[in-house]
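Here's the structure we're looking at; comments come further down.
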Amino acid sequence: MLPKTHGAAAAGTWKLGDLVVNRLGYGAMRLTANADGSPGDRERAVGILRRTVELGVNHIDTAAFYFSPLRSANELIGKALAPYPQDLVIATKVWPGRNPSGEWWWAEPGQLRGQVEENLRQLGRDHLDVVNLRVPRSRKTGSVAEHFGVLAELRAAGLIRHLGLSNVTAAQLAEAQDIAPVVCVQNAYTVGAPEEENALLRSCGEQGIAFVPFFAIAGAGREAGATAGMEDERVSAVAGAHGVSTAQVKLAWTLQQGPHVLAIPGTGDPAHLAANVAAAALRLTDEEMTLLGRSLADGR
C-alpha cells in the first residue's frame, strides 16, 4: 500500500545541470485534447497544472507542437503558472513542428531559432530552462551535429540554459557531447524495453546524465495510451500485491532503474494525476524488480 502522505518529492531529486528537480515530473502532451481528439477543457487543464505544482512537481515537459485546434500546452502552462515558481523547470523540444492544420514538418537548422523563440513567446520567458533536440525516427542512424550545433549557439547566446536530446542513440549522444554538454536524454522506455535502451539508460547514469523516459505508462500504445487488456500479467500481479494500479507499478519500476532516471507521466484527468504523483512513494521489492526486469532479457 502507498503511504497516506506523499508527493512528487518522495522519489528524490536530480540535477539537470544546475537545476534541481523532483524525479517525478509531468508531461503536458495530454493537456490540450481529449482521448477522442476533441479539444480539452481549458479550465480543467489550468486546474490540473496548478494542482501538479501543489503536489510538488517542479519539472514540466512540453513543446510548442503540443496543441489542438483550440488549446496550446505552452500557453496553458503560462496561464496557469505564471509568474512561475522559482524552482519550476520547464523543458521543451524542437526540430519537429506542426502547421495550423496539424500537419508535421521538420525544421532545417536555420529554422531552429524560430522554434526556440516560439516557445519563449508562448511560455512568456526570456530563456528556456532545457531544450531537447527531438530526433526524427527517420534519422535514427543520422548525424545530429548540425542541428545540435545551432542549439549550442543559442545556449551560448543566453536563450537556452541547458541542452538535451530526445529519441536518440548512444552514437548520437556521443556526437552531441563533442559539441556541448548534454544534461538529459529523453527516450521511449517502459517495462519490456529492448536491451539497447537499457544499455543507454545505464550509460547515462555512468555519465551523470538524466534519463527521462516517455511512454513509461503507455508503452506500445504510445500517444493512444495504455491498451486495456494488454498488460503484462506480471505487472498486474505486482499491482495486486501492493493494492495499486498497473500504471503506478510501471512508474515505480521506471524510477527504481537508477537515481538519474526521471519520470514525466502526462494526464488530463485529476484523479490520474494524483495517482501518478503517489507512485513517487511506491517501492518495489528486489524480487519484484527482478520479476519485471526478466521480461526485458528473455521475453518470458
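The values are calculated or read from the model by the stated rules, or taken from the named source; none is laboratory data. Keep in mind the model is a prediction, meaning the values are calculated, not measured. Glycine also receives a Cβ, built like all others from the backbone with ideal geometry; neighbour counts cover every protein chain displayed.
Please go through region 160-172 and pick out each residue that is over 19 Å from residue 128 (Cα atoms) and buried (at least 21 other Cβ atoms within 10 Å of the Cβ). Please lay out each step first, then the result.
The initial filter retains those residues of region 160-172 that are over 19 Å from residue 128 (Cα atoms), namely 167-172.
Result: 167, 168, 172.
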request  = Just need a number here: residues in region 80-139 that are in contact with a Lys or Arg (Cβ under 8 Å, 6 or more places away or on another chain) and among the small types (Gly, Ala, Ser).
outcome  = 1
task = Output the number of residues of region 267-296 satisfying the condition of being touching a Lys or Arg at 6+ places or on another chain (Cβ under 6 Å), in a loop (DSSP other than H, G, I, E, B) and closer than 20 Å to residue 192 by Cβ.
result = 0
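Listed here are the residues, each with its yes/no results for (1) at pLDDT 90 or above; (2) small (Gly, Ala, Ser).
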| position | (1), (2) |
| --- | --- |
| 172 | yes, no |
| 176 | yes, yes |
| 198 | yes, no |
| 212 | yes, no |
| 227 | no, no |
request  = Would you please list the contacts, defined by Cβ atoms under 7 Å and residues six or more apart or on different chains, that run from a residue in region 26-44 that is touching a residue at least 24 places away in the same chain (Cβ under 8 Å) and part of a loop (DSSP other than H, G, I, E, B) to a residue that is buried (at least 18 other Cβ atoms within 10 Å of the Cβ) and among the acidic types (Asp, Glu)?
outcome  = 28/61
key: Among (1) within 28 Å of residue 244 (Cβ to Cβ); (2) crowded, with 19+ Cβ neighbours inside 10 Å - the single one residue 92 does not satisfy   = (1)
key: Answer residue from region 44-71, given it is under 19 Å from residue 105 (Cα atoms) and surrounded by fewer than 21 Cβ atoms within 10 Å (Cβ to Cβ) and is modelled with the lowest pLDDT among those   = 69
